[in-house]
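Notes for the one structure printed next.
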Amino acid sequence: MTTSPPSPSVPMESRNAVLAAYLDYFRATVLAKATRLAPDELRRSRLASGWSPLELLKHLRWVELRWIEWGFEGRTFEEPWGDWRDGRWHVDPDEPAEEVVAALRAQGEHTREIIMATDLAEVGQPGPRWEGAEPPTLERILLHLVQEYARHAGHLDIVAELSEDERPE
């Protein structure tokens, strides 16, 4: 994991690289925070809202899929809300945590490839993701993803603090 966020004073080759670096940093931060939890804590909720850290990881994978693949790229998905069941995030009890983590990492690699190969001003494909609105640019989508990850990294800070079984770094 990158131990610190990209420094604003260190030059990067492009705005694409800056956005990719921040997204990579926050994704790695979320993964590190969650995977430091004991296996039973990864599946347990300590919050009134009821979500578990593993459900959060699965949610973030699907968030990237919805924004990048379904939205920006315009791919067709039978069920783009695969992280939801009965109105909330869901992970099947027999779904291996390692698969959830691997899926998030793979999604992140795909997102990085798109970021580095695409002009930030390019507009997403029209489709059901936008519910009739004009598709946003890649840059706007990436800024949304960065804030999503940063917000959820803070949520995991609280969960880790409430957990009695956090593994040492």
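Could I have the simple spin-label model distance between His144 and Ser49, label points 7 Å from Cα toward Cβ, reported in nm to one decimal?
Label at His144, label at Ser49, 1.8 nm between them.
Starting from the Cα-Cα distance between Ile158 and Asp119, subtract it from 0.36 nm times their residue separation and give me the gain in nm to one decimal.
10.4 nm
For Asp94, what accessible surface area do you get with a 1.4 Å probe? Give it in Å², rounded to 10.
My reading of the accessible area for Asp94 is about 130 Å².
What list of whole percents do you get for P(r) of segment 101-142, with Cα-Cα distances grouped in 10 Å bins up to the one holding the largest distance?
28, 42, 29, 1
How long are the semi-axes of the equivalent ellipsoid of segment 1-66, taking √(5λ) for every eigenvalue λ of the Cα gyration tensor, in whole Å from largest down?
Taking √(5λ) for each Cα gyration eigenvalue gives 29, 14, 9 Å.
With the full set of protein chains in place, find how many percent of the accessible area of the chain is carbon and sulfur; take the probe as 1.4 Å.
Here it works out to 52 percent.
Just to be sure I understand: with springs between alpha-carbon atoms less than 10 Å apart, which residue in Ala32, Ala117, Ala97 has the highest mean-square fluctuation in the Gaussian network model of the chain?
Result for the chain, Cα springs under 10 Å: Ala117 fluctuates most.
Hey, got the dipole for the chain? About the Cα centre, +1 on K and R Cβ, -1 on D and E Cβ, debye to the nearest 20?
About 340 debye.
Residue separation times 0.36 nm, minus the C-alpha to C-alpha distance between Trp84 and Ala32: what's the value?
Here the answer is 16.4 nm.
Just how many % of Cα pairs in the chain lie over 30 Å apart, if you round to the nearest whole percent?
19
Please pull out the direction-averaged projected area of segment 107-169, using the convex hull of its alpha-carbon atoms, in nm² to one decimal place.
Average projection, Cα convex hull of segment 107-169: 6.4 nm².
Probe of 1.4 angstrom, ligands and nucleic acids ignored: what's the accessible area per residue over the chain, in square angstrom?
Using a 1.4 Å probe on heavy atoms only, each residue of the chain averages 54 Å².
Per DSSP H run of at least 4 residues, take -39500 (n - 2.57); add these up for the chain, divide by its residues and hand me the 222 nm value, nearest 500 deg cm²/dmol.
Here the helix-only value at 222 nm equals -16500 deg cm²/dmol.
Are there any chymotrypsin sites (Phe, Trp or Tyr not before Pro) in segment 19-94 that are in a DSSP loop and have at most 16 other Cβ atoms within 10 Å? List them by number.
In loop regions of segment 19-94 (DSSP not H, G, I, E or B), the sparsely surrounded chymotrypsin sites (Phe, Trp or Tyr not before Pro) are Phe77, Trp81.
Return the sequence-ordered ³J(HN,Hα) values of segment 25-39 in whole Hz as given by the Karplus equation 6.51 cos²θ - 1.76 cosθ + 1.60 applied to θ = phi - 60°, using x for Gly and Pro.
Each residue of segment 25-39 in turn: 4, 5, 4, 5, 5, 4, 4, 5, 4, 6, 6, 6, 6, 4, x Hz.
Relative contact order for the chain: what is it in percent, counting Cα pairs under 8 Å that are at least 6 residues apart?
33
Work out from phi, with θ = phi - 60° and the Karplus expression 6.51 cos²θ - 1.76 cosθ + 1.60, the ³J(HN,Hα) of each residue of segment 80-85, listed in order in whole Hz, and give x for Gly and Pro.
Each residue's phi maps through the Karplus curve to give x, 10, x, 8, 10, 8 Hz.
5 Å is the cut-off here: which amide hydrogens, built 1.01 Å from N in the peptide plane, fall below it relative to Leu37, excluding neighbours closer than 5 in sequence?
Arg167
Return one number: the angle in degrees, 0 to 90 and rounded to the nearest 10, between the long axis of the Cα atoms of helix 138-162 and the longest principal axis of the Cα atoms of the chain.
The helix 138-162 is inclined about 10 degrees to the chain.
For segment 1-69, which GluC sites (Glu not before Pro) are in a loop by DSSP, counting at most 16 other Cβ atoms within 10 Å?
Loop-located and lightly packed - Glu13.
Mind putting a number on the dipole of segment 1-89 about its Cα centre? Charges go on the C-beta only, +1 for Lys and Arg and -1 for Asp and Glu, and I need it in Debye to the nearest 20.
The calculated dipole for segment 1-89 is roughly 340 debye.
Which ³J(HN,Hα) values in Hz, rounded to whole numbers, follow from the phi angles of segment 46-63 under the Karplus curve 6.51 cos²θ - 1.76 cosθ + 1.60, where θ = phi - 60° and Gly and Pro get x?
Result, ordered by residue: 10, 10, 4, 6, x, 7, 9, x, 5, 4, 4, 4, 5, 4, 5, 4, 6, 4 Hz.
The values are calculated or read from the model by the stated rules, or taken from the named source; none is laboratory data. For clarity, every value in this text was computed on a predicted model and none was experimentally measured. FYI the Cβ positions are ideal-geometry reconstructions off the backbone, even for glycines, and counts take in every protein chain you see. All accessible areas refer to the heavy atoms of the entire protein, side chains included, with ligands and DNA or RNA removed. Shrake-Rupley method; radii C 1.70, N 1.55, O 1.52, S 1.80 Å.
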